[in-house]
Amino acid sequence: MSEWKIKRSWETVEVQQNETGFLVKLDDRPIVTPAKNPLLLPSNALATRVANEWKEQDNEVIPAKMPFTRLSNSALDKVSVQFKEVADILSEFGETDLFYYRASSPAELAERQKNSWDPFLDWVNKSMNVRMNVSSGVMFIDQDDDEMLKLKAPIFNMTPFQLTGFHEIVTISGSLIGAYAFVEKAFTADQVWSASRIDEEWQIEQWGRDEEAMTTSEKKHHDFKIGCEFFQLSS
């Protein structure tokens, strides 16, 4: 999403409800998105979160410090007008989910993957009646078309705001199943994050920590948590 720059010129920030949602107003003027759409939010909780971001700005608005505003802008300016395209992209993660691909060796890593990832596959089997094929190695694993249709269907029933948060969860973790498990409250955000980090943590144990890689990981973790919270506030 393109950045925007604006100087702080307002004194008050407030949330106002109307018949279709919640607006955030700066000195009684509703905020608009970069595409000039009204920043109309689906819940009071999300509107309050966005309002707090604007209250915390000093002389110049810094978008990097306003993740809930930026994701809200994206939901309205991009996802709402490209909903099917975004949903299609996320649905493809069902074909190549992180949890399908297991290490053949070493045995300890394979066991960690099994212990961490199998509960997610067991959950999706019981809750969505979907069975997945799992294998070791990196070769593409074919999945049954009918099972894939069942797995992908809920994505297309989300709202644009939910899909925006869901996009963050799926793309950062690499797991559609893990994202479903979180939004359905079967697993916590921390559990999904830890499961998505099995391979990386194994490499760290073997070769030690790399500062640049750790900085990247911390940024991803931060963005993942924001995505999880955004989905919850949008629901």
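Selection of region 173-208 for residues being open to solvent by 40 Å² or more (accessible area, probe 1.4 Å) and of a type in the set (Val, Ile, Thr) yields only Thr188. If only residues of region 140-170 that are touching a residue at least 24 places away in the same chain (Cβ under 8 Å) and open to solvent by 40 Å² or more (accessible area, probe 1.4 Å) are counted, the one that is farthest from the chain's Cα centre (by Cα) is Phe140.
Could you list all residues from region 117-127 that are open to solvent by 30 Å² or more (accessible area, probe 1.4 Å) and out of contact with any Asp or Glu (no Cβ under 9 Å at 6 or more places or on another chain)? Answer for region 117-127, where residues must be open to solvent by 30 Å² or more (accessible area, probe 1.4 Å) and out of contact with any Asp or Glu (no Cβ under 9 Å at 6 or more places or on another chain): Asp118, Pro119, Asp122, Asn125, Lys126. Looking across region 129-145, just one residue is among the β-branched types (Val, Ile, Thr) and over 26 Å from Val183 (Cα atoms), and that is Val138. Among the residues of region 177-213, those identified as under 24 Å from Arg70 (Cβ atoms) and either of a type outside the set (Asp, Glu) or touching a Gly at 6+ places or on another chain (Cβ under 9 Å) (or both) are Gly178, Ala179, Phe182, Val183, Ala189, Val192, Trp193, Ser196. Looking only at residues in region 110-128 that are farther than 21 Å from Val183 by Cα and in contact (Cβ under 8 Å) with a residue 24 or more places away in the chain, the one that is nearest to the chain's Cα centre (by Cα) is Gln113.
The values are calculated or read from the model by the stated rules, or taken from the named source; none is laboratory data. Please read all numbers here as calculations on a predicted model, not as lab measurements. Cβ atoms come from the backbone with ideal geometry, glycine included; neighbour counts cover every protein chain shown. Just the protein is used for accessible areas: all its heavy atoms, side chains included, with ligands, DNA and RNA removed. Shrake-Rupley method; radii C 1.70, N 1.55, O 1.52, S 1.80 Å.
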